[in-house]
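A.B. asks: What follows is a single structure, and I will ask about it in a moment.
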Amino acid sequence: MTDDVTQVAQAAIARHVRGLRQARRWSLDELASRSGVSKGMLVQIEGARTNPSIGTLCRIAESFGVSIGRLLESEPEPVVKIVGADEPPVLWRGGAGGTGRLLRGVNDPAFVEVWQWRMPPGESHESGDHATGTRELIHLEQGSIVVTVDGTEHAVGEGETIDFRADRPHAYRNAAAVEAVLTMVVVMPEGERDRRS
């Protein structure tokens, strides 16, 4: 997570992680084991004293069986929600200046996240495996990227959409000379994930 995330978002993450953990009667050690996130980091997150990375948030959310969006909710879900243009937080910032913003995440009736990514030339991002059955759909609005899934590269051009199983290691890379702008939809299966199994 970056400095773009407000203290309000940090407080929401802290409240939801602690609440979800306590509702399951899990100790910090149990959540650490299930998520693969250190107990020390979890203490920092629950105390709203750190900005966790997107990978850390993903592992925690998956262990609870919720979307990252659920961890960022500041209030109960309304019947209709309009998210302002400046509201979505930047949860990933790449070394070349790229960004990943979580536009919206929902948990009911399915676990779905909608992201906007901007990747300047030379930008890349590696993602580990997500929960079994997770799928990603990426639509290229501008530019092109190379998506690597299980070691196989797939070139995706402007106007094209790629759909793949994201329950295996995957990565995104902009090898072109222009910025890539993409919309990503992540669809996750219901249920908690225990990284020990």
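The values are calculated or read from the model by the stated rules, or taken from the named source; none is laboratory data. Since we're looking at a predicted model, the values are computed, not measured. Cβ sites come from the backbone with ideal geometry, for glycine too, and all protein chains shown count toward neighbours. Protein only, heavy atoms only, side chains kept; ligands, DNA and RNA dropped before computing areas. Shrake-Rupley method; radii C 1.70, N 1.55, O 1.52, S 1.80 Å.
A.B. asks: Can you pull out the residues in segment 163-181 that are touching a Leu at 6+ places or on another chain (Cβ under 7 Å) and closer than 23 Å to H130 by Cα?
C.D. replies: Within segment 163-181, D163 is the sole residue that qualifies.
A.B. asks: Hey, another quick one. Just to verify a result, which residue in segment 54-90, among those that are modelled with pLDDT of 85 or more and hydroxyl-bearing (S, T, Y), is surrounded by the most Cβ atoms within 10 Å (Cβ to Cβ)?
C.D. replies: Filtering first and then ranking leaves S63.
A.B. asks: Where in segment 7-83 are the helices (runs of 4 or more DSSP H), entirely inside, with at least 3 residues that are without any contact (Cβ under 8 Å) to a residue 40 or more places away in the chain?
C.D. replies: Where helices (runs of 4 or more DSSP H) fall fully within segment 7-83 and carry at least 3 residues being without any contact (Cβ under 8 Å) to a residue 40 or more places away in the chain, they are 7-23, 28-35, 39-46.
A.B. asks: Here are the criteria: (1) more than 24 Å from E126 (Cα to Cα); (2) in contact with a Phe, Trp or Tyr (Cβ under 6 Å, 6 or more places away or on another chain). Tell me which single one R24 does not satisfy.
C.D. replies: Checking R24 against (1) more than 24 Å from E126 (Cα to Cα); (2) in contact with a Phe, Trp or Tyr (Cβ under 6 Å, 6 or more places away or on another chain), the one that fails is (2).
A.B. asks: So which residues in segment 29-49 are of a type outside the set (D, E, K, R) and surrounded by fewer than 16 Cβ atoms within 10 Å (Cβ to Cβ), if there are any at all?
C.D. replies: S38, G40, V43, Q44, G47
A.B. asks: Among the listed residues I60, I54, I82, I68, identify the single one that is out of contact with any strand residue (DSSP E or B) (no Cβ under 9 Å at 6 or more places or on another chain) and within 17 Å of A12 (Cβ to Cβ).
C.D. replies: I60
A.B. asks: So how many residues does segment 171-193 have that are among the basic types (K, R) and either free of Cβ contacts under 8 Å to residues at least 24 places away in the same chain or outside any strand (DSSP E or B) (or both)?
C.D. replies: The number of residues fulfilling the criteria is 1.
A.B. asks: Filtering segment 115-140 down to residues that are out of contact with any Pro (no Cβ under 8 Å at 6 or more places or on another chain) and among the aliphatic types (A, V, I, L, M), which residue is surrounded by the most Cβ atoms within 10 Å (Cβ to Cβ)?
C.D. replies: M119
A.B. asks: For residues that are hydrophobic (A, V, I, L, M, F, W, C) and more than 26 Å from L57 (Cα to Cα), scanning just segment 141-197, find the one that is least open to solvent (accessible area, probe 1.4 Å).
C.D. replies: V156
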